[in-house]
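Presented below is the structure to which this report refers.
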Amino acid sequence: MINTFFDMVVLHSGCLSNMRGRASGRVPNSIELLPNPAEGLARVGGGCNLTGMENVSEELRFLIERHSRGGSTTTAIPRVGLLRAERTTEPTAGMTELVICLVLQGAKAITCGENILHYGAGSYFVASVEVPVFGRISEASRQKPFLGVGFSFDARNIADLLIEMPDVRDPEFLCGLGVSPSDPQLEEAFLRMMRLFDRPNEISVMAPMIEREILFRLLQGPQGAKLRQIAQIDGRQSQVRRALAWIRENFTESFKVEDLARMTGMSVSVFHRHFKAATTMTPIQYQKRFRLHEARRLLLETPGDATRIAFAVGYESASQFSREYGRLFGLPPARDASRLRAKAIAPVTSGDPMMR
């Protein structure tokens, strides 16, 4: 399932609180593609020889343009999606999932909590926690559209790889969202995956092998600690994700932080530090943000009385709900829902294969 997240890439790794800045252009890439002997002179479309392209990134952009139907495109390869956009967009609400997003052209911005992140071509984004965010395309045009490929990964597949890899000592506190410049090996692996679009009979055999390589490259890179943490049962990111899942599944209920800490096997103080590091929010802030995102979804899917929806998502005061909703989304509930319906903008999926 690839209806996940495509909206947050910056150009360096580290915690969200340090991730402010704009993309600084392409990462140099001088690798030339060699012909595949099994294919001979590979020609697709209008006779374009892919092996004649200057570098990996150019062919990746070509394949996205060729196989994307515009907006988000779910592909025949499991968990792989494409995004092509010819215009900038307003901020759209969504939830991150376990995903990597490789950006080939254009730029985007993401707001998570009080942090605003920017990203551009030549970088990849990794999300290892599920957090509410706002994303927007900040750079795109008909002449130079935004182009990206997303890959939703499974922590179990990472765990299988880790069995065969040496142990690594990771930082204690990790942000759940991170970005690094892409490297030639990672882009080459994505290119081999996307070439399968033109060889669909090979997908069932080759896609899992290439997926394994992509995960291997990520584990070796600067964002590898995030993947290792979520793949380990006793990893701090994995423990925080258990608390996040409980909050989402029981978002209408009140809770004590002490109970969440006990659930994760951490002391209250340690749990607080890891939770804030991973999500940029406290547990209460996370629940409030999730409630408001859920309320917005309900207002659009089943238009009705805002007071009824306020109570449905766990609020005890309709006036407090209206104030907090307006503070987050910029308009009172009913007006915001009417505006979105008029513009036909879905509140969560937003046509983006990296958001849900």
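The values are calculated or read from the model by the stated rules, or taken from the named source; none is laboratory data. Because the structure is a prediction, the values reported are computed rather than measured. Positions of Cβ are backbone-derived with ideal geometry, glycine not excepted, and every protein chain shown enters the neighbour counts. To get the accessible areas, we keep the full protein, side chains included, count just its heavy atoms, and leave off ligands, DNA and RNA. Shrake-Rupley method; radii C 1.70, N 1.55, O 1.52, S 1.80 Å.
Quick notes on this structure:
- Anisotropy class of region 188-332 from Cα gyration tensor, a/c 1.5 cut: oblate
- The residues of region 142-292 expose, per residue, 47 Å² of accessible area to a 1.4 Å probe.
- Extension gain for the segment residue 327 to residue 204, taken as residue separation times 0.36 nm less the Cα-Cα distance, is 39.5 nm to one decimal.
- The modelled label-to-label distance between residue 86 and residue 250, using points 7 Å beyond Cα along the C-beta direction, is 5.0 nm.
- Solvent-accessible area, 1.4 Å probe, carbon plus sulfur percent, for region 55-163: 45 percent
- Computed FRET value (nearest 0.05) for residue 74 with residue 269, which takes r as the C-beta separation and R₀ as 56 Å: 0.85
- Computed FRET value (nearest 0.05) for residue 259 with residue 285, which takes r as the C-beta separation and R₀ as 22 Å: 0.80
- Rounded FRET efficiency, nearest 0.05, which uses the C-beta distance separating residue 233 from residue 343 and R0 of 45 Å: 0.55
- Two-site label geometry, residue 66 and residue 312: point separation in nm, points 7 Å out along Cα→Cβ: 4.6 nm
- With a 1.4 Å probe rolled over the protein heavy atoms of all chains, the accessible area of 118, 293 falls in the order 118, 293, largest first.
- Subset of 276/343; 108/226; 226/288; 108/256; 144/276; 144/343 violating a 30 Å alpha-carbon distance limit: 276/343; 108/256; 144/276
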